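The values are calculated or read from the model by the stated rules, or taken from the named source; none is laboratory data. Nothing here was measured: the structure is a model prediction, and the numbers come from that model. We place every Cβ from the backbone using ideal geometry, glycine too, and count neighbours over all the protein chains shown.
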Amino acid sequence: MAAPPPSLLSPAAGSRLLQAGLRGWTGLVLLFLYLPVIVLAVYSFNSARLGVAWEGFSGRWYAELLHQAPLQRAALNSLVVATATTLLSVVLGTSGAWLLHRYRFPGRDLIESLVNLPMVMPEILLGISLLILFALAGVGLGFITVIIGHVTFSFPFVLVAVRARLQGLDPALEEAARDLGATPWGAFRHVILPALRPAILAGGLMAFLLSWDELIVTYFTTSAASATLPLKVFGLAKVGLNPVLNALSALFLLVTLAGVAFAAYLRRGAR
Amino acid sequence: MTPEPVARDPGARPGTLAWLLLAPLLAWLALFVVVPALLLLGCSLGERDEFGQVLWGFSLENYARLLDPVYLRIFLRSLGFAALTTGLCLLIGYPVAYHLARAAPRVRELLLLLVMVPFWTSFLVRTYAWMAILREEGLLNALVAWLQPAWAPLGLLYTPAAVVTGLVYSYLPFLILPVYASVEKLDGALIEAAHDLGAGPWRVFPTVILPLTLPGIAAGVTLVFVPAVAMFAVTDLLGGARVPLIGNVIQNQFLQARDWPFGAALGVALLGLFLVSQLVLRALRPRGALRG
């Protein structure tokens, strides 16, 4: 083999330089990720309507939110949809994960692919294909159709999270329970389910956040009465900037931060 | 009484009860994933009447319309934007993912959390933030006016550059996370061995690190490329109506133009593209010995 080409830097010095470069780059990218949203949050306290100039600290745009009945209505809708989606996704995802983990049957691989599909498929395809289904079946668009759409892309995330946990679980746990006389349901209820709790919670949280933030599928499956918060925000943002939206966005950020902190706390608990 | 034997290996066949429990999942997948996909295909072969109602039938006319230069151009533009977005995400995100995975555990946990927060932040909020920065009276133009008072404000919002910036900003964490996962699995001993054999960092990267992290790259690239092709919300907000992409056209066919069959044909084309990308991804997945 040929000798390595002579280099001005020793490998060690080159590594150090590369290391410093990587650290600097990571810092810059994080700045790029955070600066826009931080600026947005800061400006939500600017008393000026939309100017760049800072005209004093004020909570008036937050106070204004209290007078925006349509936005409050939309927020309530979002909460209803996200809660229903989370509950259904947890039930469907957890039971599905357990059954797919536990049993082998014909068509199982196909089912696994089908479960993965809504997670990775462009949302617009889910939206339009569900719209055609609902139109053909004569189902009026509203909360039910929105929730169906949301559960379809949310429950696979619960299923995958629970499944990962199941795979790390000692199969002897269930055997021991059964040997001690537990019924299959009893073993599931008292042995498996408690062990799955962190994964179920994490999956449920994911389903809630996905549903809470979803725009595209909702866009095709909702009526005006069941319009969610992202849909309203999208409509307002299309018209242009709006200081009330700044305040609302800042609140959204706060909810996300709380969710991520909670998830981190869950992960710590799972260890 | 002895309990009936438990399935000791995960190879048991389901009994009646298990099938009963499986039924909701199977029904859900059939009713809300399989049937809608078939209906989409069926609808794309139909026609619309003058009231915008779908006339079911069997005609390839909608697919012939896809070849109209107007739509071909939009398709190509969407692919171009998505490719550019993906390339930029890869260039920007790969070094970050690499640094994250090789950092000391405490630092890594913090950095990972810092990447997760934007990942979970509403993409609408993040897109909206860029509207505030890029608009004519926005922050960037204020900065320009401060540095170069003689310049006229730049028209930044509602341009292709704004759209790509917004897409990169939205999807960057989707690339960083899978690449991070695959760098983390990388065996450090392999890199050390390469170093010991005299290879510098510039040699180790293309010959050792890059091939071994290819699965993560492939996953990240799909996670960015596929949704970026179809995205219409970011492009609506940052591109205005000036740069329609395929997602905007589909949305328009379904909600304004009310030509569902044509919209469905566009959707089927998108679905085909998506399936091809999944097959490519599967082909790139490592087999056998290289698995981490």
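Could you please find all residues in segment B:37-69 being in contact with a Ser or Thr (Cβ under 7 Å, 6 or more places away or on another chain) and more than 15 Å from A:LEU133 (Cα to Cα)? Answer for segment B:37-69, where residues must be in contact with a Ser or Thr (Cβ under 7 Å, 6 or more places away or on another chain) and more than 15 Å from A:LEU133 (Cα to Cα): B:LEU45, B:GLU47, B:ASN62.
Here's the yes/no breakdown for (1) modelled with pLDDT of 90 or more; (2) assigned to a helix (DSSP H, G or I):
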| position | (1), (2) |
| --- | --- |
| A:GLU55 | no, no |
| A:LEU71 | yes, yes |
| A:VAL81 | yes, yes |
| A:SER89 | yes, yes |
| A:SER95 | yes, yes |
| A:HIS101 | no, yes |
| A:PRO106 | no, no |
| A:ASP109 | no, yes |
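The requirement of being of a type in the set (A, V, I, L, M, F, W, C), modelled with pLDDT under 85, surrounded by fewer than 20 Cβ atoms within 10 Å (Cβ to Cβ) and out of contact with any Phe, Trp or Tyr (no Cβ under 8 Å at 6 or more places or on another chain) is fulfilled somewhere in segment B:227-243, by at least one residue. Residues that are among the small types (Gly, Ala, Ser), away from every other protein chain (no Cβ under 11 Å) and either touching a Cys at 6+ places or on another chain (Cβ under 9 Å) or surrounded by fewer than 24 Cβ atoms within 10 Å (Cβ to Cβ) (or both) within segment A:124-160 comprise A:GLY138, A:GLY140, A:GLY142, listed in sequence order. Within segment A:195-245, the residues that satisfy the criterion of being polar (S, T, N, Q) and within 29 Å of A:GLU64 (Cβ to Cβ) are A:SER211, A:THR218, A:THR222, A:SER223, A:SER226, A:THR228, A:ASN242.
Could you tell me whether B:ALA23 is of a type in the set (Gly, Ala, Ser) and within 14 Å of another protein chain (Cβ to nearest Cβ)? Yes; evaluated as a whole, the condition is true for this residue. Of the helices (runs of 4 or more DSSP H) entirely within segment B:87-148, those holding at least 2 residues that are out of contact with any helix residue (DSSP H, G or I) (no Cβ under 9 Å at 6 or more places or on another chain) occupy B:105-120, B:139-147. Can you confirm whether segment A:32-48 contains a residue that is assigned to a loop (DSSP other than H, G, I, E, B), touching an Asp or Glu at 6+ places or on another chain (Cβ under 8 Å) and either of a type outside the set (Asp, Glu) or exposed (fewer than 13 other Cβ atoms within 10 Å of the Cβ) (or both)? Within segment A:32-48, one or more residues are assigned to a loop (DSSP other than H, G, I, E, B), touching an Asp or Glu at 6+ places or on another chain (Cβ under 8 Å) and either of a type outside the set (Asp, Glu) or exposed (fewer than 13 other Cβ atoms within 10 Å of the Cβ) (or both).
Note on segment A:99-114: residues that are within 7 Å of chain B (Cβ to nearest Cβ) and in contact (Cβ under 8 Å) with a residue 12 or more places away in the chain total 1. Screening the candidates A:LEU257, A:LEU266 for the property of being surrounded by fewer than 19 Cβ atoms within 10 Å (Cβ to Cβ), facing another protein chain (nearest Cβ under 9 Å) and not β-branched (Val, Ile, Thr) yields one hit, A:LEU257. The residues in segment A:213-243 that are crowded, with 20+ Cβ neighbours inside 10 Å, among the charged types (D, E, K, R) and in a helix (DSSP H, G or I) can be counted, and the count is 2. Of the residues screened, B:ALA18 is one that is touching a Phe, Trp or Tyr at 6+ places or on another chain (Cβ under 7 Å), free of Cβ contacts under 8 Å to residues at least 40 places away in the same chain and more than 20 Å from A:ALA137 (Cα to Cα).
Sub-9 Å Cβ pairs linking a first residue in segment A:150-166 that is assigned by TED's automatic domain parsing to the domain that holds A:LEU114 to a second residue that is outside any helix (DSSP H, G or I) and at pLDDT below 95, at least 6 apart or interchain, are A:HIS150/A:GLU214; A:PHE153/A:MET121; A:PHE153/A:GLU214; A:SER154/A:GLU214, ordered by first then second residue.
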